[in-house]
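Laboratory data are not the source of any read-out in this text; all were calculated from the coordinates shown. Since we're looking at a predicted model, the values are computed, not measured. No Cβ is skipped: glycine too gets one built from the backbone with ideal geometry, and neighbour counts run over all protein chains shown.
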Amino acid sequence: MKISVFPNMKNDRVPPLTKDIVSILEGLGAEVYIASCGKEQYSFENCEDFLNLCDIAVAVGGDGTTLNVAKRAAIANKPTLGINGGRLGFMSGLEKNELNMLEMLVNGDYLIEKRMMLKATLYNMHNEMLGKYHCLNDAVITRGDLSRLIDIHVTENGREITNTRADGMIVATPTGSTAYSMAAGGPVVIPDNSCFVITPICPHSLINRSIVLSSDKSIEMTVSNDVNNQAFLSIDGSTSIPIDSNNRIEITTSKYSAKLIKLKPENFYEILNKKLIERRN
């Protein structure tokens, strides 16, 4: 079995953990490749080459590392195991004290959990495509540095959902429902569902409610902001694209699905409660 390891070496806890992981995998007869960190956060040099080499991708770090590796692995149709070297680890399949379970990975004794992804497509005023982005967590419209609200218009298949003045708007997958959307007051959705969660960020309103739509819908968002307040489209918290009132963002279900390896029988609710308790401590 060929395994590519993607360690976030910028995290001080990851280098010794990676050394142990590689030693165990090689001891079990796996052929192991180790990717080097790129200049940008959670990025890796020649990531696609390492994914093409392997049967399985192993991400070592926090949720940000697992998220970005799993998203790229989805495009290469490779499964991903996250090993938690960070803090929360909602997406991790193993903790650092569970490395003995790597034998199950090499033996193929695991389950694959498919996670829905979304596609955000950016258009200009002439309906020309400016960019296409695949997200595992969320696509977020946010205001710029100035403390000024922006007006966000959201429609579904041409029908108005909301016209909100707020700091921003989050469109999350079920996987992303435990990330920024949850922090903004959105609902937690079990990750094997297929839906969009639309959550406003600090809306200027007495009512602050999320909206959940089935994944077969097409969502469009436009922004109105003054010339001194630049708005941005953020993709999974790592890519940021400036947008203005001439732009239109279309959100649909991606043709790709992330494949996360599960070695343990834990259910989602146990993980959620355990991680949130750890966060409070």
* Would you mind checking the pairs 39/119; 39/132; 71/96; 19/264; 132/255 and listing those with alpha carbons more than 19 angstrom apart? => 39/119; 39/132; 71/96; 19/264
* Unit charges on C-beta of K, R, D, E only; dipole of region 117-255, Debye -> 120 debye
* Structure fact -> If 138, 12 are placed from fewest to most neighbouring beta carbons inside 10 Å, the sequence is 12, 138
* To do: Between beta-carbons, use under 13 Å as the cut-off and find the net charge around residue 55, counting Lys and Arg +1, Asp and Glu -1.
  => +2
* To do: Would you mind telling me which residue in 126, 153, 134 has the biggest mean-square fluctuation in a Gaussian network model of the chain, where springs connect alpha carbons within a distance under 10 angstrom?
  => 126
* Asked: Counting Lys and Arg as +1 and Asp and Glu as -1, each charge on the Cβ, what is the dipole of the chain about the Cα centre in debye, to the nearest 20?
  -> 340 debye
* Asked: In the chain, what is the volume of the convex hull around the alpha carbon atoms, normalised per residue and reported in Å³?
  -> 137 Å³
* FRET efficiency estimate (nearest 0.05) - Cβ-Cβ, residue 276 to residue 202, R0 22 angstrom -> 0.50
* Counting helices only, and only those DSSP H runs with n ≥ 4, report the 222 nm mean residue ellipticity of the chain as the sum of -39,500 (n - 2.57) divided by its residues, in deg cm²/dmol to the nearest 500. => -5500 deg cm²/dmol
* Using alpha carbons only, how many degrees (0 to 90, rounded to 10) separate the axis of helix 63-75 from the longest principal axis of the chain? -> 90 degrees
* **Helix 268-280 axis, angle to the chain major axis (alpha carbon atoms, nearest 10°)** => 80 degrees
* Cα centroid of region 1-35 to Cα centroid of region 138-217, whole Å -> 37 Å
* Asked: Projected onto the charge dipole of region 117-255 (+1 at Lys/Arg Cβ, -1 at Asp/Glu Cβ, origin at the Cα centre), which of 204, 164, 190 gives the Cα projection farthest towards the positive end?
  -> 190
* **With Cα atoms, 0 to 90° folded angle of helix 14-27 axis to the chain main axis** => 50 degrees
